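Below is one structure, written out as C-alpha cells; comments come after it.
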Amino acid sequence: MDRSHRHDDLELNLVLRGQLDYLFGGERISIPTGHLALFWGATPHRLIQSPDDDPVDSCWLHIPLSTVLHWGLAARDLNDVLQGTPVIVPIAAAGHDVESMFMCWLRELEDEDGATTVLIEAHALVRRLLGYHRRSTEHDSTMVLARSGASESMQRVTAMAQFIMAHFREPITTADVAEAAHLNTHYAMSLFRRSVGTTLGEYLTRCRVSEAQRLLVTTTLSASEIAHASGFGSQSSFYAHFVKLCDVSPGEYRARNC
C-alpha cells in the first residue's frame, strides 16, 4: 500500500503468519499472528510494513457500511465499529476454523448466491467478535500498539497524524501540525507526504470527511451542524470536499445508509 487510503466498507483482516503494521489515523497499530482486526475504512490508513520484515500471510474481507448498518447491531457494538480504531481480537474468539471459512468465502464470492451466504456468515462472525471485544474490554484492551520499533522519522509522522486526529475539528494549520512534531513546516510537509503518500492538508480533509460520514449515519444533526462539528469552516466547503471524496452529496449519503 503506497499511500494512505480510505473507503466506506467495514474491513475484516485475518493474520495467519507474520504481522500487519498500519499507520491508522494517528496511531501505528500492529495486528499480530493469530488475530482478527475489524475496522471501518473511512479513517485514512496505510500499511507500513518494511520489505525486510518476515513474510505475512493474511486474508481480508470488505463489507459495505450500508449492509452493516442494516444488521441492527447494538449501539455499543456499532460505536466500537465506527470509533476510528481497529477492534483486534484473537482468532479463538471466532469459535471455529476461521481460516477455512475465508477459503470458502473466496470460492463462494464468485456467484451471487454464494455472496448471500458469505454476508450471512460474516454477520454472525462480526457479532461474535464484537461480543468478545465487549467482554474483554471490561478488564483490559486487546489492542496491540507497536510504537517502540518505529524509526525517528516515523515517530514524527505518527506525531503529526495524532495531532491531526486530535484537533481536526479545530481551525488548525500546517504550521500547527509541524510544531506538534518539532519540525519546520516545509520539512514536515515533505516528510509526511513521502511517508504517508498524501499531503497534510489532504489528510486533514479526509479526517473531517470521515467524521462527517460517521455523524451522518449515527445522528440526526443537520448538514450545517455536521459541517461545523467536523471542522469545516463553511457549509459550502464541507459540501465540496464531501462530494469530491465520497462521490455523493451528504444528503444522498445519509439516505443510502440510514
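The values are calculated or read from the model by the stated rules, or taken from the named source; none is laboratory data. No experiment lies behind these values; they were computed from the predicted model shown. Neighbour counts are summed over all protein chains in view; Cβ atoms, including those assigned to glycine, are modelled from backbone coordinates with ideal geometry.
How many residues does region 172-189 contain that are loosely packed, with under 14 Cβ neighbours inside 10 Å and at negative phi? Don't jump to the end; show me each part of the working.
Pass one, region 172-189, residues loosely packed, with under 14 Cβ neighbours inside 10 Å: 173, 175, 182, 184, 186-187.
Restricting the remaining residues to those that are at negative phi gives 173, 175, 184, 186-187.
Residues that pass the stated criteria total 5.
Would you mind finding the one in T185, T173, T220 that is closer than 22 Å to A255 by Cα and either touching a Gly at 6+ places or on another chain (Cβ under 7 Å) or of a type in the set (S, T, N, Q) (or both)?
T220
For region 236-258, give me the residue count where each residue is at negative phi and among the acidic types (D, E).
Matching residues across region 236-258 total 1.
Contact list please: Cβ distance under 8 Å, first residue in region 231-258 and over 20 Å from T218 (Cβ atoms) and without any contact (Cβ under 8 Å) to a residue 12 or more places away in the chain, second residue among the small types (G, A, S) and crowded, with 18+ Cβ neighbours inside 10 Å, pairs at least six apart or on different chains.
Pairs found: S234/A227; S237/A227.
Just checking, which of R208, R169 is modelled with pLDDT of 90 or more, of a type in the set (D, E, K, R) and not in a loop (DSSP other than H, G, I, E, B)?
Being modelled with pLDDT of 90 or more, of a type in the set (D, E, K, R) and not in a loop (DSSP other than H, G, I, E, B) holds for just one of R208, R169, which is R208.
Can you tell me how many residues in region 178-188 are in contact (Cβ under 8 Å) with a residue 24 or more places away in the chain and either hydrophobic (A, V, I, L, M, F, W, C) or not in a loop (DSSP other than H, G, I, E, B) (or both)?
Quick first cut of region 178-188, residues in contact (Cβ under 8 Å) with a residue 24 or more places away in the chain only: 181-183, 188.
With either hydrophobic (A, V, I, L, M, F, W, C) or not in a loop (DSSP other than H, G, I, E, B) (or both) added as a condition, the list becomes 181, 183, 188.
Qualifying residue count, region 178-188: 3.
I need a count of the residues in region 153-171 that are among the small types (G, A, S), touching a residue at least 40 places away in the same chain (Cβ under 8 Å) and surrounded by fewer than 21 Cβ atoms within 10 Å (Cβ to Cβ).
Counting residues in region 153-171 that are among the small types (G, A, S), touching a residue at least 40 places away in the same chain (Cβ under 8 Å) and surrounded by fewer than 21 Cβ atoms within 10 Å (Cβ to Cβ) gives 2.
Go over the candidates V89, V15, V98 one by one and state the one that is touching a Phe, Trp or Tyr at 6+ places or on another chain (Cβ under 6 Å) and modelled with pLDDT of 90 or more.
V89
Please state which of the following conditions R28 fails to meet, knowing it meets all the rest: (1) at pLDDT 85 or above; (2) in contact with a helix residue (DSSP H, G or I) (Cβ under 9 Å, 6 or more places away or on another chain); (3) among the basic types (K, R).
Evaluating R28 over (1) at pLDDT 85 or above; (2) in contact with a helix residue (DSSP H, G or I) (Cβ under 9 Å, 6 or more places away or on another chain); (3) among the basic types (K, R) leaves (1) as the failure.
Can you go through R76, R107 and tell me which one is over 21 Å from the mean Cα position of the chain (by Cα) and among the basic types (K, R)? Steps first, answer last, please.
Details: R76 fails: over 21 Å from the mean Cα position of the chain (by Cα).
Of the residues listed, the single one that is over 21 Å from the mean Cα position of the chain (by Cα) and among the basic types (K, R) is R107.
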